[in-house]
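Written out below as structure tokens is the structure these notes cover.
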Amino acid sequence: MPAAESIRAWTLVLVHWNQAEACVRTVGQFQDQAMPVAVIVVDNGSRPEELEVLHHGLDGRDHVEIIECGTNLGFGPGANVGLRRWLADGGTEWCLLAPHDAVPAPGCLAALAEALSGEPLAGLACADVGDGQTPMVDPYFGGVTRAASRADAGWEPADYPHGTLMVLRRGCIEEIGLFDERFFSYCEEADLGVRAREAGWAVGLVRGARVRNTHIGSSVAAVDYLQERNTLRLVRSTSGRYHTFIRLCISAWQLVNGVLRPSRRPLIFDARARLLGVRDFLRGVSGPPPPHLYERR
């Protein structure tokens, strides 16, 4: 297994969609870290004017490649495009994965490397968003969080790595495969974490390796649809039919409560989108959300 001194360079896959200026800044912030970073930007069918800004800001930079998908594949499938390129290149052992507007704090990558060097079975990891929470998979609620078990810097076991800044090990991904593209976006990282742990790999969060990302890139309706549909899919695949039935009952209660008590709605709430998410789960629909949900802000 790689020792600390062997983690000297990273490959970074950035999934980009219509936020070119933020993506260019993010590339610079990662390449300003103390460790060498080769960047693969996967563009998910951005508008022509955004692509122009992206190429203007990144063309000619050393160790930066742009892959244009031509359409919005979603986070998981878009990430897979970059991850396949990383696997085919046969270079670095570790790959970073983030959205286009993730902001790593100074020393983030060094902290990740130090923590990973002490975990010989580490297959997946993520940086610290500073919320004092640790990702976990609940049999009824899917990918959620629990209170952190440590406050000091270092490795903390987790059920899955969150998607703000994820770290993937070549050997782990070669064994368990890439993201399940049926999710499109949301819950795919929880599914990957479950598969990694089932295969015997360690999954964790590195306290002190700080990163932030507070932007919601899609409409609330599209996000709520995907979270509802994909949570049900995740519960079904990890916990079985009984837990899925209970989760459907919980979803119905949450929907009615949100409609009748608007003051207690969560930040992400759209009643129609949730209904569509349940319907499409029951129909076995996967992939992107219905296009009209992007218009519902």
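Read the figures in this text as sums done on the coordinates, not as results from a lab. Everything numeric in this text was worked out from a predicted model, so none of it was measured. Here the Cβ positions follow ideal geometry from the backbone for every residue, glycine too, while neighbour counts run over all protein chains shown.
Expressed as a rounded percentage, what relative contact order does the chain have, with Cα pairs under 8 Å and six or more residues apart? Reported relative contact order: 19 percent. Taking the chain as a Gaussian network of alpha-carbon nodes connected by springs under 10 Å, the highest mean-square fluctuation of the residues 156, 52, 228 belongs to 52.
Rg/Rh for the range 220-295 (Cα atoms only, Rh after Kirkwood) is 0.97. Pairwise alpha-carbon distances in the range 72-152 exceed 17 Å for 64% of all pairs.
Here the contact order of the range 11-148, divided by its residue count and restricted to Cα pairs under 8 Å and six or more residues apart, works out to 29 percent. Multiplying each eigenvalue of the alpha-carbon gyration tensor of the range 4-212 by 5 and taking the square root yields semi-axes of 26, 19, 16 Å, largest first, rounded to whole angstroms. Pair-distance distribution P(r) for the range 157-206, from all Cα-Cα distances in 5 Å bins starting at 0: 4, 22, 36, 27, 11, 1 percent.
Each label was represented as a point 7 Å from its Cα along the Cα-to-Cβ direction; for residue 59 and residue 152 these points are 5.1 nm apart.
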